[in-house]
Amino acid sequence: MVEAEAAAAAALVRATALACRRVGREIFRDVDLELRAGEALVLRGPNGSGKSSLLRVLAGLLEPAGGTFTLPAAADGGPGYHYIGHADPLKPGLTVEENLAFASALTGRGDVEAGLRAFGLGRLADAPARQLSSGQRRRLTLARLEAVAKPVWLLDEPAVGLDAANRGRLEALIDDHRRAGGAVLAATHGDIAIADAGLLDLGR
């Protein structure tokens with residue numbers, strides 16, 4: 001009993017009987033999951049099965065219709081997770097470096113240079129975000145994962161718009177994050193490889 005309680009306490013992400021309804025329609029129900037340091041869990045299922053909705057519930061962007069969930073807090077008391085959705089939340093008037101610096105300043109302990117290196121953005125550091133291509137904007141959004149340290153990553157189709165080289169960079173970043181004790185929950189159709197990841201099929 002003590003061992004079971006210790007294992008549960010070690011979970012970075014935990015959801016029990018989680019449910020979601022949108023516009024009066026049930027999206028999913030009775031979802032249980034646990035994610036510990038170093039682990040990854042891949043969400044699968046057809047369109048409409050609730051992959052994006054589950055991530056948005058965990059990120060606090062949607063109200064659950066039932067169940068409970070917990071995520072860690074960051075050292076500064078803020079959320080201990082990154083949520084990367086389909087949109088790229090960039091400030092178009094700021095440069096690439098300024099966008100990362102702005103995100104980094106929210107925690108007071110980010111690493112802008114590491115973010116630039118993670119996706120080869122050094123040559124674009126002084127370019128305004130509004131001038132970036134869709135692939136470059138996605139790389140800048142993902143660079144926030146490295147520029148601002150958070151233990152849990154909630155990723156919704158993160159590789160969309162990336163070429164093969166940058167998909168490889170994302171895979172390496174995920175591997176490094178897990179080795180450092182982080183956890184990853186990702187919705188993906190298999191366009192990136194996440195080693196030894198568990199699988200939660202919402203289509204079932």
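Quick notes on this one:
- Residues in region 110-127 that are in a loop (DSSP other than H, G, I, E, B), without any contact (Cβ under 8 Å) to a residue 40 or more places away in the chain and farther than 17 Å from Lys91 by Cβ: Asp111 only.
- The listed residue being surrounded by 14 or more Cβ atoms within 10 Å (Cβ to Cβ), at pLDDT below 95 and in contact with a strand residue (DSSP E or B) (Cβ under 8 Å, 6 or more places away or on another chain), out of Phe28, Phe102: Phe28
- Members of region 165-204 found to be closer than 17 Å to Arg36 by Cα and assigned to a strand (DSSP E or B), listed by number: Ala183, Val184, Leu185, Ala186, Gly198, Leu199, Leu200
- Residue under evaluation Thr16, criteria (1) modelled with pLDDT of 95 or more; (2) buried (at least 16 other Cβ atoms within 10 Å of the Cβ), criterion not met: (2)
- Test: Leu173 is modelled with pLDDT of 95 or more and either among the aromatic types (Phe, Trp, Tyr) or surrounded by 15 or more Cβ atoms within 10 Å (Cβ to Cβ) (or both): yes
- Residue check, Pro64 crowded, with 17+ Cβ neighbours inside 10 Å, out of contact with any Phe, Trp or Tyr (no Cβ under 7 Å at 6 or more places or on another chain), farther than 27 Å from Ala180 by Cβ and of a type outside the set (A, V, I, L, M): yes
- Test result for Gly67, in a strand (DSSP E or B), out of contact with any Cys (no Cβ under 7 Å at 6 or more places or on another chain) and not aliphatic (A, V, I, L, M): yes
- Complete set of residues in region 128-164 that are of a type in the set (A, V, I, L, M), part of a helix (DSSP H, G or I), surrounded by fewer than 21 Cβ atoms within 10 Å (Cβ to Cβ) and out of contact with any strand residue (DSSP E or B) (no Cβ under 9 Å at 6 or more places or on another chain): Ala164
The values are calculated or read from the model by the stated rules, or taken from the named source; none is laboratory data. Keep in mind that this is a model prediction, so the values were computed, not measured. Ideal geometry is used to build each Cβ from the backbone, glycine not excepted, and the neighbour counts take in all protein chains shown.
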